[in-house]
Amino acid sequence: MEEKTNIIKDLSIEEREEIFVDIARTLEDTAREALVEGNTHFAVLSNNMAEAIRVNADELARDDPENAERVLLQATAMISQFEAVHPYRMVSMAVH
């Protein structure tokens, strides 16, 4: 984990903030897929985490890199958990 924290420390504040916005967007996409598949509990958790990251992206990017790394690890763990259960991504969410 120390190596990853060093990587976060090497990034600029703008790059860190961009990473947080991207991970929030990915969490929102995952939440939408979970909702379509009927997994409302995971969808709510993922959406809440995405919103918290998006609202606090600036502070996370500027403050302690170790805490920022923890948030990133938790978010990627949520995404990985969903992908492990649903290895085949949805092509379309269109309702006919």
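The values are calculated or read from the model by the stated rules, or taken from the named source; none is laboratory data. None of these values were measured; they are calculated from a predicted model. What goes into the accessible areas is simple: the full protein's heavy atoms, side chains included, and nothing from ligands, DNA or RNA. Shrake-Rupley method; radii C 1.70, N 1.55, O 1.52, S 1.80 Å.
Summarising the amide proton neighbourhood of residue 86: residues at separation of 5 or more, or on other chains, whose placed amide H is nearer than 5 Å comprise an empty set. Rolling a 1.4 Å probe across all protein chains gives residue 55 an accessible area of roughly 110 Å². Placing 80, 46 in order of accessible area, with the largest value first and a 1.4 Å probe, yields 80, 46.
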